Amino acid sequence: MQHSLPEQDLDAVREILLASIAAADSAEALESLRIAELGKKGRLTQLMRSLGSMEPEARRSVGAALNAIKTDVAAAIEGRKTALMDAALDARLMDERLDVTLPVRPEPRGAIHPISQTIDEVIAIFGEMGFTVAEGPDIEDDWHNFTALNIPPEHPARQEMDTFYLPGEADRPRRVLRTHTSPVQIRTMLESPPPFRIIAPGRTYRCDSDATHSPMFHQVEGLVVDECTHMGHLKGCLIEFCRAYFRIDDLPVRFRPSYFPFTEPSAEVDIGCTRAGGDLRIGHGDDWLEILGSGMVHPRVLANCGIDPGRYQGFAFGMGLERIAMLKYGIADLRTFFESDLRWLRHYGFAALDVPSLVAGSTP
Ligand code: DAH
């Protein structure tokens, strides 16, 4: 039977405990200490249990001393816990401190491809004139790409187009990668009744590849059909476009008789330029540069789409987007458009938020 615990023993226990609490360097170490001393089977708990076997006198004094130790130890553990948490927070704050004086990290910035930019510019200009944008599939059938446009089988224009044919399927019409955007004219006219005023920018394909030809390239098609559309409208519209696109108010524009199966009469459109010293400059000069094809929609094309050519007339045009982009932005080789060379794109690309200017003649 235990009679008492010497006072100095209790003092020693208390000192040792407080010292080990102060030395605990983590929340885990602190928790093991708490369990070892104050837990159910902890040392102080055991000592409290042993009070039962003591003389009442000793029990009272030792009990009071033990209680005081328990309270002190619990408080010391709490205090140490808070101190450890504060220290951890301080360390994190030091570690994760934001140095606002550091130079900003460079943000990689994308650029708009010159073809996308050109499409936006073309849409903006024709949009001002009341045109909407129409679309058609890249994979066309023979009828939409050729026959409906008055290019019957055996027509020489079919050979000139270097068509990519898809493998034949017995039960469906022969399919092609569209050689021009003109089939969108046909799809537009079949879709709803006239009038029409659309442009159709998009990809086109021909089996050809060199510095001025790419197997995939882009065109924009235009179509206007109404009850009193004439050559004057065609000329006014295309002169306006050329001047707005090249931003030269008085750019000379010339209409030269030509031939396309789907227009009659047909005209190619040239703009004024100079080629002094091998350097091409758009604007006034003694030379001409062809930039697009156009004409009055052939009555047979209207009839093929169920439109009465006795009542409706229209004009159409088509142009290569790479070509007009190369001319405006001084890009020398067509193939570079599709090489995905980032240095090229950084040089020729456009900032994403550049709004195309609608103001003709406002040379940048
Ligand atoms: N489709 C022609 C081509 O690819 C361009 C063209 C010329 C389209 C005259 C037209 C047009 O709509 O009227 O060469």
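The values are calculated or read from the model by the stated rules, or taken from the named source; none is laboratory data. In this text, all values refer to a predicted model and were calculated from it rather than measured experimentally. Don't worry about glycine lacking a Cβ; one is built from the backbone with ideal geometry, like all the others, and counts go over all protein chains shown. Note: accessible area is taken over every heavy atom of the protein model, side chains too, but ligands, DNA and RNA are not part of it. Shrake-Rupley method; radii C 1.70, N 1.55, O 1.52, S 1.80 Å.
For segment 320-328, does any single residue satisfy the condition of being in contact with an Asp or Glu (Cβ under 8 Å, 6 or more places away or on another chain) and in the same structural domain as LEU238 (by TED's automatic domain parsing)? Checking segment 320-328: not a single residue is in contact with an Asp or Glu (Cβ under 8 Å, 6 or more places away or on another chain) and in the same structural domain as LEU238 (by TED's automatic domain parsing).
Can you find even one residue in segment 334-341 that is more than 16 Å from the ligand (Cβ to nearest atom), assigned by TED's automatic domain parsing to the domain that holds PRO215, in contact with a strand residue (DSSP E or B) (Cβ under 9 Å, 6 or more places away or on another chain) and open to solvent by less than 30 Å² (accessible area, probe 1.4 Å)?
yes
Of the set (1) out of contact with any Ser or Thr (no Cβ under 7 Å at 6 or more places or on another chain); (2) open to solvent by 50 Å² or more (accessible area, probe 1.4 Å); (3) within 16 Å of the ligand (Cβ to nearest atom), all apply to PRO215 but (1). Scan segment 236-265 residue by residue and report those that are within 13 Å of the ligand (Cβ to nearest atom) and either part of a helix (DSSP H, G or I) or closer than 19 Å to ILE198 by Cα (or both). Hits for segment 236-265 are CYS237, LEU238, PHE262, THR263. Condition first: assigned to a strand (DSSP E or B), without any contact (Cβ under 8 Å) to a residue 12 or more places away in the chain, open to solvent by 30 Å² or more (accessible area, probe 1.4 Å) and within 27 Å of ALA124 (Cα to Cα). Can you find one or more residues in segment 274-293 that meet it? Scanning segment 274-293 turns up at least one residue that is assigned to a strand (DSSP E or B), without any contact (Cβ under 8 Å) to a residue 12 or more places away in the chain, open to solvent by 30 Å² or more (accessible area, probe 1.4 Å) and within 27 Å of ALA124 (Cα to Cα).
Hey, among the residues in segment 294-330 that are without any contact (Cβ under 8 Å) to a residue 60 or more places away in the chain and at negative phi, which one's nearest to the ligand (Cβ to nearest atom)?
Among residues in segment 294-330 that are without any contact (Cβ under 8 Å) to a residue 60 or more places away in the chain and at negative phi, the one nearest to the ligand (Cβ to nearest atom) is ARG323.
When segment 121-152 is examined, which residues are found to be out of contact with any helix residue (DSSP H, G or I) (no Cβ under 6 Å at 6 or more places or on another chain) and at positive phi? Passing the criteria: only GLY130.
The residues on offer are ASP99, ASP138, ASP86, and the sole one that is modelled with pLDDT under 90 and surrounded by fewer than 16 Cβ atoms within 10 Å (Cβ to Cβ) is ASP99.
Considering only residues that are surrounded by 11 or more Cβ atoms within 10 Å (Cβ to Cβ) and in a loop (DSSP other than H, G, I, E, B), which ones fall in segment 125-135? Once the filter is applied, which keeps residues that are surrounded by 11 or more Cβ atoms within 10 Å (Cβ to Cβ) and in a loop (DSSP other than H, G, I, E, B), segment 125-135 yields MET129, PHE131, ALA134, GLU135.
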